[in-house]
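Only one structure is covered here, and it is reproduced in the block below.
The values are calculated or read from the model by the stated rules, or taken from the named source; none is laboratory data. Keep in mind the model is a prediction, meaning the values are calculated, not measured. All Cβ positions, even for glycine, are placed from backbone atoms using ideal geometry, and neighbour counts span all protein chains on display. Just the protein is used for accessible areas: all its heavy atoms, side chains included, with ligands, DNA and RNA removed. Shrake-Rupley method; radii C 1.70, N 1.55, O 1.52, S 1.80 Å.
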Amino acid sequence: MEKTLIFRTVREESPGAKWQSLFDYHWPAYEQWYLAEGERERPAYLACYNALRQHMPELLDTYRTLCDLAGGGDLAARLLSLYRPPPYITGCSQAVLARSDTTVLARNYDYPPELCEGTILYTNWNGRGVIAMSDCLWGVLDGINDRGLSVSLAFGGRKVVGEGFGAPIILRYILEFCDTVPEAAAVLARVPTHMAYNITVADAAGRYVTAMIAPDQRASIRRVPVATNHQKKIEWYAHALASETLIRERQLSILVDDEATTEERLVSAFFSPPLFRHDYRRGLGTVYTAVYRPRDGHAQYHWPGMWLKLSFDHFPEQQLTVRYGARGLNAG
């Protein structure tokens, strides 16, 4: 069965009518998702607000503005906090190639296409330009800021769920207020997460880390350029087998460890198996490939036969339709 997703580039320096339109369009689906386990399973507004104030206070002004644009409702404000949201599972592969003349962060996002927003959002909410693939209306799946800091998330392959935030809002916080990998690492060590994620970060100076974060243990932050969907060991064997996390990790490790690997060779590997996955039936197919170049401030998004090349100086508003099916993926 074919699935279709429309990707849109949206530029809005300050929160306004364009973001409000995105909220109005996506809210019915997000409301259904947020209440899927019952409203009592989600934290009250005061708990959400206090958690943001405690752990990411610099975001509060933007949060209040977005809540107002969303209509000021209790449920929307709770969802937008991304504090203790419903758990969700993704695939994803990501890697950094750091060479003397270039640094690139590349990733594949593997997830059910029908559950993706498809919005590439250019904002300048807090004094930094940010280009990011949006999730949960203002969260970040992957992105770059105008200082060159680039981030990407992958599911950590563990079933544990606890007190903390969804990773997309933590990545938003990093891109809004951090310039370097050390600054981002400090945030990842401090801010609690509700699920296990692997976060890879790279900056314009060529530094990089991968942070393995989870609600039940301290963050493990190491100078590792590759992440897929497990942490230090396999805990969820069924997911590991279905997602081929070990196979993908090995492929990426071989590539980045080989001094002959160029930026072009690394990026092209994301377009073919095992990194590019066609398992859309089980929600583990590749939705898009993203490539960030911290030194240049460039962002590229790829689909077979189609790509978008964006930067802080060149960000045209446009849209493209991508079709996903058993035979693969088509963009047009």
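Give me the number: length gained by fully extending GLU2 to ARG265, i.e. 0.36 nm times residue separation minus the C-alpha to C-alpha distance, one decimal in nm.
91.7 nm
Which residue fluctuates most in the GNM of the chain (Cα springs below 10 Å): PRO273, PRO86, PRO113?
PRO273
Compute the distance from the alpha-carbon center of segment 248-266 to that of segment 158-212, in whole Å.
Cα centroid to Cα centroid, the span is 23 Å.
If you average the sequence gap of Cα pairs under 8 Å that are 6 or more apart and divide by the length of segment 7-306, what percent do you get for the contact order? Write down the numbers at each step before the final one.
Values: 645 pairs, mean separation 60.1, N = 300.
Relative contact order of segment 7-306: 20 percent.
Any chance you could check the Cα centroid distance between segment 78-136 and segment 2-58 for me, in angstrom?
14
Round to the nearest 0.05 the FRET efficiency obtained for ARG250 and THR102 when R0 = 25 Å and r is the Cβ-Cβ distance.
Numbers: r = 24 Å, r/R0 = 0.95.
Efficiency, rounded to the nearest 0.05: 0.60.
Provide the FRET efficiency to the nearest 0.05 for the ALA242-GLU31 pair, computing r from the beta carbons and using R0 = 30 Å.
Efficiency, from the Cβ-Cβ distance: 0.55.
Rounding to the nearest 20 debye, state how big the charge dipole of segment 218-267 is about its Cα centre with +1 on each Lys and Arg Cβ and -1 on each Asp and Glu Cβ.
With Lys and Arg at +1 and Asp and Glu at -1, about 400 debye.
Please work out how much length the chain gains when fully extended from ARG281 to ASN124, using 0.36 nm per residue of separation minus the C-alpha to C-alpha distance, in nm with one decimal.
Stretched out fully, the ARG281 to ASN124 stretch lengthens by 52.8 nm.
Expressed in nm to one decimal, what extension gain is obtained for the pair ARG222 and ASN330 from 0.36 nm per residue of sequence separation less their Cα-Cα distance?
Additional length available on full extension: 35.2 nm.
Here are some values of Rg/Rh (Cα atoms, Kirkwood Rh): (i) 0.93; (ii) 0.97; (iii) 1.06. Which one was computed from this structure?
So the structure-derived entry is (i).
Given the options GLY71, SER14, ALA98, identify the residue whose Cα lies farthest towards the positive end of the charge dipole of segment 7-306 (+1 on Cβ of Lys, Arg; -1 on Cβ of Asp, Glu).
Ranked along the dipole, the leading option is ALA98.
Under 15 Å from the Cβ of VAL160, count the other residues' Cβ atoms, weight Lys and Arg +1, Asp and Glu -1, and hand me the total. Kindly include the intermediate steps, with their values, before the conclusion.
Working: positive: ARG84, ARG158, LYS159, ARG218, LYS232, LYS233; negative: GLU163, ASP216, GLU235.
Charge balance near VAL160 sits at +3.
Which whole-number value in Å² is the accessible area per residue of segment 213-257, probe 1.4 Å?
59
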